[in-house]
Structure formats: C-alpha cells, structure tokens
Amino acid sequence: MIQVVLYEPEIPPNTGNIGRLCVGFKVPLVLIEPLGFSLADKALKRAGLDYWDKLDYKVYPKLAAYFNAIGYISSDLSSSDLSSSDLSSSDLSSSNLSSSDLSSSNLSRLHAKHTTHNRVICLSKYGTRSLYEWQFSAGDTLLFGNEISGIPLKVTQKYSIERFKLPMAAAIRSYNLANAVAMALGEAYRQLKWPLIA
C-alpha cells in the first residue's frame, strides 16, 4: 500500500487537507515530529472536515523510527553506513544478536534482510527527475518535506532517497503541499490502475 509521509509539517490546514486526501484514496498518513501544531488544532480538523476520525494515521518521533518500523534501509547503503541505532530492537532479537554483536558481516546480513522492503522517494522542488518517470509499486512511500524548509538534503543523502519533482513553471517557487500530495497520489493511482473507489 502506498504511504504518505509528512516530515515535520508546519501548517495545520495543509495536514488536514492531506488527511482528507488520504481517506479518499484509502492510504495511510504518517506524521514525523516535531509538528508545528497540535493534533487537536481546530484548523486541522476544519480542513479535514469530519473525515479525520476515518483517517489511518501514525505519528513517529523521528524519521529513523518510521524507517525502522517499515524495515527500510536503502539498497544504496552499505553495511559500513549502518550502526546499532539504525536498527530496531526487534531486528536484533529476531537475528539473535545484541548491539555488541554488530560486526560488519552481521550488519550485512541484516542489511540484506531490509533491502527487500519498501521503496521511499522524496518529492522536492530540487528533484533531479520528474515524478512521472517513477514506476510506482504498491509498497512505495511518498515522503514530503515541510512547507517552510522542505526536507534537509542531509536526510535524503543519509538514507539514499532519490528526489523527484513535479512539473512547474519558473514563475512560481513551489506548490502548496496538499496540492503536491494530490498530484503524486493521482499519478500513483493512475499507474497502479487501482479500481474506482466507492
């Protein structure tokens, strides 16, 4: 299932609108803290209308926690890039390893396990390829930066996440975040030929 991830969102009406989109497309929404608002914010609920209670959403304290939860480590990362902090306790216990056992060979084994999981792409005005060049699969994660500063380059570099962009004339600096999410979900829907949602 496609997942929409908002990295440290700042503006409650945008998140409310994106929540409504996610309900409409039947996809989960993930919020990465810190948030620029409370989930009890009236503007958030107003933008989401009465759909917020129907939304499948989760909040994570940091992006690494979300990646651990979905078992994501980019195939571009080598075992030398990994540390015990990049792996969840369940990863260690299921592999019969303690944090002191994280040798290069053991990390390579864990890395191989993780690379079979979800793919993550980032939507950014600094993307080097058009989103319409991406071939979606049902397990993909769409990562969006916040409205003020986007997502730091060091974050996408650390996790080897490719940045994609939406078509945009030079006359504007960026799209509204909720509009960008709508365009991306629409393209995923088109490619995957999801049935009409009743």
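Is it true that some residue in region 113-120 is surrounded by 13 or more Cβ atoms within 10 Å (Cβ to Cβ) and modelled with pLDDT of 90 or more?
yes
Checking S149 against (1) of a type outside the set (D, E); (2) touching a residue at least 12 places away in the same chain (Cβ under 8 Å); (3) within 27 Å of G36 (Cβ to Cβ), which single condition isn't satisfied?
The single condition S149 does not satisfy is (2).
What are the residue pairs meeting all of these: first residue in region 22-44, first residue over 18 Å from I70 (Cα atoms), second residue assigned to a strand (DSSP E or B), Cβ atoms under 7 Å, and 6 or more apart or on different chains?
Cβ pairs passing all conditions: C22/V4; C22/L29.
Would you check which residues across region 1-18 are of a type outside the set (D, E, K, R) and touching a strand residue (DSSP E or B) at 6+ places or on another chain (Cβ under 6 Å) and list them?
The answer is Q3, V4, V5, L6, Y7, P9.
If a residue must be assigned to a loop (DSSP other than H, G, I, E, B) and basic (K, R), how many such residues does region 154-198 contain?
2
Please go through region 1-45 and give me each residue that is closer than 19 Å to K62 by Cα, surrounded by fewer than 20 Cβ atoms within 10 Å (Cβ to Cβ) and touching a helix residue (DSSP H, G or I) at 6+ places or on another chain (Cβ under 6 Å), ordered by number.
F37
Can you tell me which residue within region 46-62, out of those that are under 14 Å from C22 (Cα atoms) and aliphatic (A, V, I, L, M), is surrounded by the most Cβ atoms within 10 Å (Cβ to Cβ)?
A47
The values are calculated or read from the model by the stated rules, or taken from the named source; none is laboratory data. Since we're looking at a predicted model, the values are computed, not measured. Using ideal geometry, Cβ is built from the backbone for each residue, glycine included, and neighbour counts are taken over all protein chains shown.
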